[in-house]
Structures are given as C-alpha cells and as structure tokens.
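Please read the structure below before turning to the comments.
Please treat every number below as a calculation from the coordinates, not as lab data. It should be emphasised that the depicted structure is a prediction, and the values quoted were computed from it without experimental measurement. All Cβ positions, even for glycine, are placed from backbone atoms using ideal geometry, and neighbour counts span all protein chains on display.
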Amino acid sequence: MKPVDINWSELGFNYIKTDFRYVSHWKDGKWDEGKLVEDNKIAISESATALHYGQQCFEGLKAYRTKEGKIQLFRPDQNAKRMNSSCRRILMPEISEEQFIDACKQVVKANEAYVPPYGSGATFYLRPFLIGVGDNLGVKAAPEFKFVVFGVPVGPYFKGGMAPVNFMIAEYDRAAPYGTGAAKVGGNYAGSLLAHKIAKDRGFADAIYLDPQTHTKIEEVGAANFFGITADNEFITPKSESILPSITKYSLMHIAENYLSLKVKEEDVFVDKLDRFIEAGACGTAAVITPIGGIEYNEKLHVFHSETEVGPVTRKLYDILSGIQFGEVEGPEGWIVEVK
Ligand SMILES: *Cc1c(COP(=O)(O)O)cnc(C)c1O
C-alpha cells in the first residue's frame, strides 16, 4: 500500500476522503453481501426517508495503531448492538454483528495507509451509518436501506495535552422523555446545533442538556456523557432513559471499579448540587475524556477541580482507557479486536 502524504500531528476532526468505503444494500427483507467501493457519493431517490423524515442512524468508533504496528478496534460489538437498538427505535432493519464488524475491518484494512502511526496520538475514526432510501412519500418506513462505513484519520482530541474546558447549561432540550434520546439518530443532532452555537459564541466548549421532564438534572454534555468524582471515591454518572448510552462511559465505569477501586453509581445528578463532585468530565469516542473545568448555571460558573488543571482521578481514568485502546494496558476480555 502506498504511503499517504499526511502530517499526522496537524490532523483535527475533519472529513478527508480515504480510498475505500463499504456499502451494503437492503431490499426484499435482506442485506446483500456488501462491498468496498471507491466513490464517496451515494445516489439515492430525492424522496428517501433519510432526507425527509430523519430515518437514519450512525455510529462512531476508532481503530488504534499499537507500538508493535498492529491495528485494533475497541469494543466494536458494542457499536453493532447500539446501532441495532437505534434501528429498532426508528423501524430500520438490523444488521448482524458479524457483518458490522467485518465491514469495519474491511474499511480499516483497505485504508491501512491512513491509519496514523503509534505515538502520534491520532487514530482512524470509523463512521458506520444506516439510512432509509428508495422511493417514498408518506411518513412511513423506507422500502430499501443502505448501510455504509467510511473512515477518516483524526487528530488527538487534546492538542498540546489534556486541559479542562467550561460548559454552559442549555436552554433547549436535545431529547423528549419518551423520545429518541437513547438512539444515535440524526434528528437528535440537528436539534442540538443551535444550543451548541450559542455555547460556542459565548466562549464555552459546548452546551449541557438537562433532563427534559424537570430541567433539574444533568443528562448530556454536548455529544458526550457526564461523570463526576466525589471526595468519597465514587464515580457517578446520570441515569436516564433519554441519555445516549456511551460505550466510553460504560468502559470507564468498569475501569473505575476494577482498576481504580472506586464505587460506581448511576443516579440523578442534580445541577444545583454540583458541590458533591471534586472532579468532573465528559466522555465519548471522539473526545475520550474531556475534563470539565466549570459549568455555568444561573449565571454563575461552578468550578470543579480547577479551570486549568486536570484532576488526578480523571487523569488515571484517561491513562488506563487510552492505554487499553493503544495496546499498552491489558483490557478486559473481548474489548480489543485485532484487524488482521
Ligand atoms: C455518540 C454519543 C456519545 C458517546 O458515545 P460513545 O459510545 O462513548 O462514543 C455520547 N452522547 C451522545 C449524544 C452521542 O451521540
């Protein structure tokens, strides 16, 4: 494979066209066997449900290059399961875990030259998605579907080291109590763009969403989950039916309990009781862990550990998680899938 001309240390989180993507088509009750293609454009009917009614869902996971030069995926089975749960919520056909993981592996393998070297901090981000296609007019499920996986090399989230950032409480909701908050479906994100822009314009990293029913509890930090650390060595993360279940979050819960002997709890996190936390963070595949410096609520900035320094527990969680992902720390069984 030809080497590619990319300055790995300059990479951000931006789209770059890589050589191959995987496409599979669903028709008459089944998925075809799928194939790699070079064209990064998808021709679909102007009437596709994905374009009009938001019948689409997506996933995000990364391939990591180890010190030995191997390439590995982190818990891709969990992404397959979550994509299927998104599909069930918006009436799209599920895809087998085997086909999902095989598609990811094929895309990594075919674009191997774009997988950043070990030590650059950069990774190869995979974006699987599933969309309703075919001719349709009324509000109903599509007659045909496409499952696509493409991949893009992305930079380390923290250029020049992990540093805390501030967030503000959004005045908008991202999800409804019995809505689609727990599904990774496009509509949730269109609805969050305005709150994100307002937060950015005011100098914050992103908006924090409260529970849509009572507006008293923290649910999501932009497109990441929230966790807080108490002085009693507890790892606490919100529990709610409208939070997107972050695979990073569940992995950190396991690490907190089994590697750091913290007490782990999923419970309500009231926004007027943030004093109980000595550290806080946001977690997700793209950001890994973003330390939260402070949260603006009722015109006051509540600062956790520090606005400039990363707390010691957050640091340990980050080191163990990224250690597992890059193959330096032994992870629990089944978390790492090698791309051969
Ligand atoms: C994808 C996503 C996350 C993070 O999930 P991971 O599986 O950890 O990447 C958190 N919140 C929202 C709203 C998301 O879309």
Bin all alpha-carbon pair distances of the stretch 8-154 at 10 Å intervals from 0 and give each bin's fraction as a whole percent. 12, 40, 33, 13, 3, 0
Within the stretch 225-340, what is the number of lysine pairs with alpha carbons under 26 Å apart, leaving out pairs fewer than eight places apart on the same chain? 16
Three-way shape call for the stretch 216-289 based on the alpha-carbon gyration tensor, with the a/c threshold at 1.5: oblate
Mean Cβ-within-10 Å packing, highest first, puts peptides 128-138, 5-15 in the order 128-138, 5-15
Under a cut-off of 19 Å between alpha-carbon atoms, report the lysines in cross-link reach of residue 146, not counting same-chain residues fewer than 8 places apart. 27, 30, 35, 41, 81, 105, 184
Answer check: the chain, Cα atoms, Kirkwood Rh, Rg/Rh ratio of 0.96
Helix 97-110 sits at what angle to the longest principal axis of the chain, using alpha carbons and giving 0 to 90 degrees rounded to 10? 80
Taking the alpha-carbon distance from residue 67 and a cut-off under 12 Å, which aspartates and glutamates remain once sequence neighbours fewer than 8 residues away in the same chain are dropped? 328
Of 227-234, 143-150, ordering from highest average Cβ density within 10 Å down gives 143-150, 227-234
Sort the stretch 109-219 into rounded, prolate or oblate with this rule: let a ≥ b ≥ c be the square roots of the eigenvalues of the Cα gyration tensor; rounded if a/c is under 1.5, and if a/c is not under 1.5, prolate when a/b is larger than b/c, oblate otherwise. oblate
Rounded Å value of the spacing that divides the Cα centres of the stretch 1-50 and the stretch 273-320: 35
If you count, for each residue, the other Cβ atoms within 10 Å and average over each peptide, how do 43-50, 249-256 line up from highest to lowest? 249-256, 43-50
Send over the per residue convex hull volume for the stretch 31-83, Cα only, as a whole number of Å³. 146
Between residue 190 and residue 32, what is 0.36 nm times their sequence separation minus the Cα-Cα distance? Round to one decimal in nm. 53.8 nm
Difference of contour (0.36 nm per residue) and Cα-Cα distance, residue 112 to residue 70: 14.1 nm
Ellipticity estimate at 222 nm from DSSP helix runs (n ≥ 4, -39,500 (n - 2.57)) divided over the chain, nearest 500: -6500 deg cm²/dmol
Between helix 247-258 and the chain, what is the angle of the helix's C-alpha long axis to the longest principal axis, kept within 0 to 90° and rounded to the nearest 10? 50
Whole-Å distance linking the alpha carbon centroid of the stretch 164-199 with that of the stretch 211-269 is 17
Degrees, to the nearest 10: 76-89 long Cα axis against longest axis of the chain: 80
Over the Cα atoms of the stretch 165-325, what is the Rg over Rh ratio if Rh follows Kirkwood? 0.94
